[in-house]
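Peer 1: Below is the structure I would like to discuss, written out as structure tokens.
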Amino acid sequence: MSPSSSCLRRSLLIFVALLTVLNAAAQTDLVKLANLRFVASASGDADSFIVNDGTKDYHLRLYLVDAPETAAADPTLARRVREQSRYFGVADPSIVVRFGTLAAARTRELLTAPFTAYTANAGALGRSADQRIYAYVVTSEGNDLGEQLVREGLARAFGQGRVNYAGIPQGEQRAKLADVELSAALARKGIWAESQPERIAAQRAAERADTAELATISREAAATPATPSNPSDNQNPAANVAPIDLNTATTAQLDALPGIGTALAKRIIAARPFASVDDLERVSGLSTAAIARLRPLVSVTLETPSAAK
């Protein structure tokens, strides 16, 4: 190899290495919260809980995992418990609540010693009054909390994700968690010990059918012009507009929604399929308030998403 070729090769290697470092830095734009302490609260559960760094509280919501609910005290929670019971293939929804309680206790145990979290301060939906933010949590032993819960059969691979603190892409994380979940199910760990595998296909099909039926009702109701009781009712621009289907809308249709724009529209498309409008919480950059504004304007069906961009 000539001196000039050798020099060129070294320059290319340096350039590639620099690009790799810069790309990793851009992808892992997460704030590190160190020496955190778990804070017991009535609103906490296995995947959503309050922590304190010595100066302030943060309400964290784990990326990429969903633990069983700990209660079914209102219609929204009851629907969540029913959906989870169908996913895990358990006969009695009360089993979900029981394992939700066990999972919450396990999170408290795993976070007894000071731990670390990584967050981009992206807002997460939830039933708590305070603002939740998505985060990855690493225990004092160096384990990813979400992955450990899935490994023990106390959570499923589900929900909002992003490039993590180690620079691992979201897709790779999802694939690993899916394998970890399958391993836990085959070993009948945690809630999977109560699962009836022969029920899963039928139960998940029932959940898809229910979701589609609700979406149809919502769509038909929105398409029916309402008779305003007073002139001010006509000031609602969404009153007589059929909602846009999140699973089939084009980038242009989503871009036209208030507060969305092209970048968020592409993130919404990348996060498909959606089982309900609540799943918009998986989309980075959409706040609780923004999703609330979108509710009258969007719907969800479980048809295969179109390839439109």
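Peer 1: So, in the stretch 187-204, of the ones that are surrounded by 13 or more Cβ atoms within 10 Å (Cβ to Cβ) and of a type in the set (S, T, N, Q), which residue ends up farthest from the chain's Cα centre (by Cα)?
Peer 2: Going through the qualifying residues, I end up with SER195.
Peer 1: Return the residues of the stretch 148-192 that are among the polar types (S, T, N, Q) and under 25 Å from ARG267 (Cβ atoms); say none if nothing qualifies.
Peer 2: GLN160, ASN164, GLN170, GLN173
Peer 1: For LEU60, indicate whether it is modelled with pLDDT under 95, closer than 21 Å to ALA120 by Cβ, surrounded by 12 or more Cβ atoms within 10 Å (Cβ to Cβ) and within 18 Å of the chain's Cα centre (by Cα).
Peer 2: On the way: modelled with pLDDT under 95: no; closer than 21 Å to ALA120 by Cβ: yes; surrounded by 12 or more Cβ atoms within 10 Å (Cβ to Cβ): yes; within 18 Å of the chain's Cα centre (by Cα): yes.
No, not satisfied.
Peer 1: Still on this model: Has the stretch 175-185 got any residue that is closer than 25 Å to LEU30 by Cβ, surrounded by 14 or more Cβ atoms within 10 Å (Cβ to Cβ) and in contact (Cβ under 8 Å) with a residue 60 or more places away in the chain?
Peer 2: yes
Peer 1: Check VAL90, VAL96, VAL65 and return the single one that is modelled with pLDDT of 95 or more, over 22 Å from VAL138 (Cα atoms), β-branched (Val, Ile, Thr) and within 21 Å of the chain's Cα centre (by Cα).
Peer 2: Only one candidate passes the filter, namely VAL96.
Peer 1: Between a first residue in the stretch 146-169 that is of a type in the set (Phe, Trp, Tyr) and a second residue that is at pLDDT 95 or above, which pairs have beta carbons less than 8 Å apart while being 6 or more apart in sequence or on different chains?
Peer 2: Hits for this filter: PHE158/LEU64; PHE158/VAL65; PHE158/ASP66; TYR165/LYS32; TYR165/TYR118; TYR165/TYR136; TYR165/VAL138.
Peer 1: For the stretch 258-276: of the residues being β-branched (Val, Ile, Thr) and buried (at least 20 other Cβ atoms within 10 Å of the Cβ), which is farthest from VAL300 (Cα to Cα)?
Peer 2: Just the residues of the stretch 258-276 that are β-branched (Val, Ile, Thr), to begin with: 260, 262, 268-269.
From what is left, the residues that are buried (at least 20 other Cβ atoms within 10 Å of the Cβ) are 260, 268-269.
Values: ILE260: 17, ILE268: 12, ILE269: 13 Å.
Per the criteria, the residue is ILE260.
Peer 1: Here are some residues: THR116, THR112. Which one is closer than 26 Å to SER287 by Cβ and in the same structural domain as ASN164 (by TED's automatic domain parsing)?
Peer 2: Details: THR112 fails: closer than 26 Å to SER287 by Cβ.
That would be THR116, the only listed residue that is closer than 26 Å to SER287 by Cβ and in the same structural domain as ASN164 (by TED's automatic domain parsing).
Peer 1: Moving to a separate point now. Any idea how many residues of the stretch 63-78 are part of a helix (DSSP H, G or I) and surrounded by 23 or more Cβ atoms within 10 Å (Cβ to Cβ)?
Peer 2: Within the stretch 63-78, residues that are part of a helix (DSSP H, G or I) and surrounded by 23 or more Cβ atoms within 10 Å (Cβ to Cβ) number 0.
Peer 1: In addition: For ILE95, only one of the following conditions fails: (1) assigned to a loop (DSSP other than H, G, I, E, B); (2) surrounded by fewer than 20 Cβ atoms within 10 Å (Cβ to Cβ); (3) of a type in the set (Val, Ile, Thr). What is its number?
Peer 2: (1)
Peer 1: Please tell me if GLY153 is out of contact with any Asp or Glu (no Cβ under 8 Å at 6 or more places or on another chain) and either outside any helix (DSSP H, G or I) or assigned by TED's automatic domain parsing to the domain that holds ALA104 (or both).
Peer 2: yes
Peer 1: Condition (residue is more than 27 Å from VAL283 (Cβ to Cβ) and either touching a Gly at 6+ places or on another chain (Cβ under 6 Å) or part of a strand (DSSP E or B) (or both)) applied to the stretch 168-176: is it met by at least one residue?
Peer 2: Taking every residue of the stretch 168-176 in turn, none turns out to be more than 27 Å from VAL283 (Cβ to Cβ) and either touching a Gly at 6+ places or on another chain (Cβ under 6 Å) or part of a strand (DSSP E or B) (or both).
Peer 1: Now for a different question. If you check ALA135, ALA104, which single one turns out to be crowded, with 19+ Cβ neighbours inside 10 Å and either part of a strand (DSSP E or B) or at pLDDT below 95 (or both)? Before the answer, list the steps.
Peer 2: Values: ALA104 fails: either part of a strand (DSSP E or B) or at pLDDT below 95 (or both).
Answer to the check: ALA135.
Peer 1: Checking the conditions here, which among VAL81, VAL90 is aliphatic (A, V, I, L, M) and assigned to a loop (DSSP other than H, G, I, E, B)? Break it down stepwise before answering.
Peer 2: Working: VAL81 fails: assigned to a loop (DSSP other than H, G, I, E, B).
So the residue among VAL81, VAL90 that is aliphatic (A, V, I, L, M) and assigned to a loop (DSSP other than H, G, I, E, B) is VAL90.
The values are calculated or read from the model by the stated rules, or taken from the named source; none is laboratory data. Source: prediction; values computed, not measured. Glycine gets a Cβ as well: all are built from the backbone with ideal geometry, and neighbour counts include every protein chain shown.
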